[in-house]
1. For the structure I just gave you, tell me whether residue 129 is under 17 Å from residue 61 (Cα atoms), aliphatic (A, V, I, L, M) and open to solvent by 20 Å² or more (accessible area, probe 1.4 Å).
2. Kindly check whether there is at least one residue in segment 37-51 that is among the aliphatic types (A, V, I, L, M), modelled with pLDDT of 95 or more and surrounded by fewer than 17 Cβ atoms within 10 Å (Cβ to Cβ).
3. Restricting attention to segment 234-278, which residues are assigned to a loop (DSSP other than H, G, I, E, B), more than 22 Å from the chain's Cα centre (by Cα) and crowded, with 23+ Cβ neighbours inside 10 Å?
4. Please determine, by comparing only the residues of segment 204-218 that are assigned to a loop (DSSP other than H, G, I, E, B) and open to solvent by less than 30 Å² (accessible area, probe 1.4 Å), which one is nearest to residue 244 (Cα to Cα).
5. Here are some residues: 187, 179, 151, 168. Which one is under 27 Å from residue 230 (Cβ atoms) and touching a His at 6+ places or on another chain (Cβ under 8 Å)?
6. What's the number of the condition residue 91 fails, among (1) open to solvent by 40 Å² or more (accessible area, probe 1.4 Å); (2) free of Cβ contacts under 8 Å to residues at least 40 places away in the same chain; (3) part of a loop (DSSP other than H, G, I, E, B)?
7. Being assigned to a strand (DSSP E or B), surrounded by fewer than 24 Cβ atoms within 10 Å (Cβ to Cβ) and modelled with pLDDT of 95 or more, is that true of even one residue in segment 222-229?
8. Determine whether segment 217-231 contains at least one residue that is touching a His at 6+ places or on another chain (Cβ under 6 Å) and among the β-branched types (Val, Ile, Thr).
Amino acid sequence: MRVQIFCFMTLACLLISQSAQAKVIHVSTRGRDINNGLSWATPKRTITAALAAASAGDEIWVRFGDYAERITLKTGVSLYGGFRGRERSLSERLPFPRPTPDPYETVLDGNDAGTVVSTSDEQGPDFRLDGFTIRRGSVYYWGGKAYGGGIYCSGFGGNRLTVANCKIVGNRADSGSAIYCSSSTKIMNTFISGNTDQTNGGAVHIVGPAVLVNCVISGNSQFGVIISGNTSPLLTNCTITDHPAGGVRSESSSLLTLQDCIIADNRGNGGVSCKSSTVTLVRCRISGNSA
């Protein structure tokens, strides 16, 4: 019994110690990377510098503005955007969805130089990318294959990541111009539009068991969503509209479930097309498509 009590007390002390070490690192276009980032009065200038200073369990809060950066996320370090620059808690951040235009929009701009946001394969707890506009990622190479202009999710980090309250616009790639995902990433409350796939690709290209919830995928250059590989993703309460190649394409032994989705006004291959795969539809509305 003494050993059990000792172990319990040791675990409790470790948890308290880890909680005490967790910190919030602030980022602002008015900051400097030599600052410690521990308040809005002493913010860092770049998200890259904040990530370098962060450890698992930390949060990075990013004030509104444009940040011309391409970043690799740290597993266990959550990034939140859309701050005015005086909040003391996440609950003080203005709620999403935001009006358009959003006066407190936080933009990650890839400057057409590669993928904007990537995950790593390092171990760690769950984390979030929340409240960002991700634009101008570009990974198209003539004659080759390149994926994930906006976000590239893979590895252990991709399995732990939730993307929420984001806009992914104006990115390009061979396929997966907005998102390429080979992991069990959860993507929710996200707007995906105006992304360009140079071949017959999809704005969202999934080759892992990803979950999409309450997303709008509209007006991208080819397919809205492509599912390939031996995987079983789930799309719930998503709207997929206005794509010239088709709404959803499922292929290569995938097991796709669409639940409470609207798939409308797509052309080319129509609303939903499948090849050597299984698609399960639950309470979906498929209308106004043509093929």
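The values are calculated or read from the model by the stated rules, or taken from the named source; none is laboratory data. Fair warning: this is a prediction, and the values are worked out from it, not measured in the lab. No Cβ is skipped: glycine too gets one built from the backbone with ideal geometry, and neighbour counts run over all protein chains shown. Areas reflect the complete protein model, heavy atoms only, side chains present, ligands, DNA and RNA absent. Shrake-Rupley method; radii C 1.70, N 1.55, O 1.52, S 1.80 Å.
1. Against the criterion (under 17 Å from residue 61 (Cα atoms), aliphatic (A, V, I, L, M) and open to solvent by 20 Å² or more (accessible area, probe 1.4 Å)), residue 129 does not qualify.
2. Scanning segment 37-51, I find at least one residue that is among the aliphatic types (A, V, I, L, M), modelled with pLDDT of 95 or more and surrounded by fewer than 17 Cβ atoms within 10 Å (Cβ to Cβ), so the answer is yes.
3. Listed by number, the residues that qualify are 266, 271.
4. 215
5. Of 187, 179, 151, 168, the one residue that is under 27 Å from residue 230 (Cβ atoms) and touching a His at 6+ places or on another chain (Cβ under 8 Å) is 179.
6. Unmet condition: (3).
7. Among the residues of segment 222-229, not one is assigned to a strand (DSSP E or B), surrounded by fewer than 24 Cβ atoms within 10 Å (Cβ to Cβ) and modelled with pLDDT of 95 or more, which makes the answer no.
8. Within segment 217-231, one or more residues are touching a His at 6+ places or on another chain (Cβ under 6 Å) and among the β-branched types (Val, Ile, Thr).
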